[in-house]
Amino acid sequence: MHPLIDSHSHLDAPEFDADRTAVIERARAVGVTRQIVPAIRAADWPGLHALCAGTEGVYPAYGLHPMFLADHQPEHLDALAVFVATHRTVAIGECGLDFHVDGLDADLQRLYFVRQLELAREVDLPVILHARRAVDEVTATLRRIGGLRGVVHSFSGSPEQAQALWKLGFCLGIGGPVTYERAQRLRGIVASMPIEFLLLETDSPDQPLAAHRGARNEPAHLVEVLASISDLRDEDAATIAAATTANACRLFGLDRA
């Protein structure tokens, strides 16, 4: 059993309301001792704060997700600045761009995204990024604003896009999709990428692994992500666990213990 950090879990989601304590215990039992939980809406921030304040090893990030534009208001950007100034947080996010879902106003997404990046730079916090069919624009925006660090979670881009992010010092969050044999491009990237830019994640309760198709995902399944990556890289799981845990600690300012 190797100590692991799930760098992207929505543990506060209603899908876990019935058995959240058991979910946390199952994760700890297999070595997933810490989780980063990014918010998606302003309405969720107080509940996430309470969850993390009362649960050892669970750390919050606060942000406005691009897929939930209908829930956002411009004043939430000012409220976010106040919230992170008055509540402990390890990152800004989940924020970003999503050009996959029809009906999402691209310009409005950009407004929320850019301001959150500017806030992260102002308060010197990493960003947790969503970039679906938007990796090039997300990368260009990061480059333009500058002075940022973070992770593109559930990375699904090309090798060239991955390299552009590494040049900016950004990590890639890798989870359930890498366990599917059809994900050949992603698996090729993970097999050879510099390990200093690799983070493990589940995106629970979403993105179930190949062995759990159709089921609710949960942080305990991170050990299966680790096993898949170990096989792809032909490296010992303990080595990958140690490296990715160190990466997460460095990025999010967590204790290495």
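Read-outs: derived from the displayed coordinates by stated rules, not from any lab. None of the values given here were measured: they were computed from a predicted structure. Neighbour counts are summed over all protein chains in view; Cβ atoms, including those assigned to glycine, are modelled from backbone coordinates with ideal geometry.
Do you know which residues across the range 47-63 are touching a strand residue (DSSP E or B) at 6+ places or on another chain (Cβ under 6 Å), not small (G, A, S) and not in a helix (DSSP H, G or I)?
Of everything in the range 47-63, those that are touching a strand residue (DSSP E or B) at 6+ places or on another chain (Cβ under 6 Å), not small (G, A, S) and not in a helix (DSSP H, G or I) turn out to be V58, Y59, P60.
Looking at L117, L142, L129, which one is in contact (Cβ under 8 Å) with a residue 24 or more places away in the chain, farther than 15 Å from H65 by Cα and under 18 Å from the mean Cα position of the chain (by Cα)? Before the answer, list the steps.
Working: L117 fails: farther than 15 Å from H65 by Cα; L129 fails: farther than 15 Å from H65 by Cα.
Testing whether each residue is in contact (Cβ under 8 Å) with a residue 24 or more places away in the chain, farther than 15 Å from H65 by Cα and under 18 Å from the mean Cα position of the chain (by Cα) leaves just L142.
Just give me the residues in the range 204-240 being touching a residue at least 60 places away in the same chain (Cβ under 8 Å) and more than 17 Å from the chain's Cα centre (by Cα), in sequence order.
Residues of the range 204-240 touching a residue at least 60 places away in the same chain (Cβ under 8 Å): 204-206, 216, 218-220, 222-223, 226, 237-238.
Answer for the range 204-240, where residues must be touching a residue at least 60 places away in the same chain (Cβ under 8 Å) and more than 17 Å from the chain's Cα centre (by Cα): R216, A237, A238.
When you go through A211, A227, A215, A191 one by one, which is the residue that is under 26 Å from P126 (Cβ atoms) and of a type outside the set (V, I, T)?
Result of the check over A211, A227, A215, A191: A191.
If only one of A81, A91 is touching a residue at least 12 places away in the same chain (Cβ under 8 Å), more than 19 Å from the chain's Cα centre (by Cα) and under 24 Å from A140 (Cα atoms), which one is it?
A81
I need the full set of residues from the range 235-257 which are outside any loop (DSSP other than H, G, I, E, B) and charged (D, E, K, R), in order please. Quick ask: steps written out before the conclusion?
Keep residues of the range 235-257 that are outside any loop (DSSP other than H, G, I, E, B), which gives 237-252.
Scanning the range 235-257 gives a single hit, R250.
For the range 125-138, give me the residue count where each residue is in a loop (DSSP other than H, G, I, E, B) and within 22 Å of T244 (Cβ to Cβ). Outline the logic, then answer.
Filtering the range 125-138 for residues in a loop (DSSP other than H, G, I, E, B) gives 125-126, 133-134.
Those still in the list that are within 22 Å of T244 (Cβ to Cβ) too: 125-126.
Qualifying residue count, the range 125-138: 2.
Report, by residue number, each residue of the range 104-124 that is touching a helix residue (DSSP H, G or I) at 6+ places or on another chain (Cβ under 9 Å) and outside any helix (DSSP H, G or I).
Of everything in the range 104-124, those that are touching a helix residue (DSSP H, G or I) at 6+ places or on another chain (Cβ under 9 Å) and outside any helix (DSSP H, G or I) turn out to be L104, D105.
Among the residues of the range 14-46, write down those that are in a loop (DSSP other than H, G, I, E, B), surrounded by fewer than 21 Cβ atoms within 10 Å (Cβ to Cβ) and without any contact (Cβ under 8 Å) to a residue 60 or more places away in the chain. Outline the logic, then answer.
Restricting attention to the range 14-46, the residues satisfying the condition of being in a loop (DSSP other than H, G, I, E, B) are 17-19, 30-31, 39-41.
Subsequent filtering for residues that are surrounded by fewer than 21 Cβ atoms within 10 Å (Cβ to Cβ) retains 17-19, 30-31, 41.
Hits for the range 14-46 are D17, A18, D19, R41.
Among the residues of the range 163-173, are any in contact (Cβ under 8 Å) with a residue 24 or more places away in the chain, farther than 24 Å from Y62 by Cβ and basic (K, R)?
The answer is no; no qualifying residue exists.
Please enumerate the residues belonging to the range 136-171 that are under 22 Å from V123 (Cα atoms) and aliphatic (A, V, I, L, M).
Of everything in the range 136-171, those that are under 22 Å from V123 (Cα atoms) and aliphatic (A, V, I, L, M) turn out to be V138, A140, L142, I145, L148, V151, V152, L165, L168.
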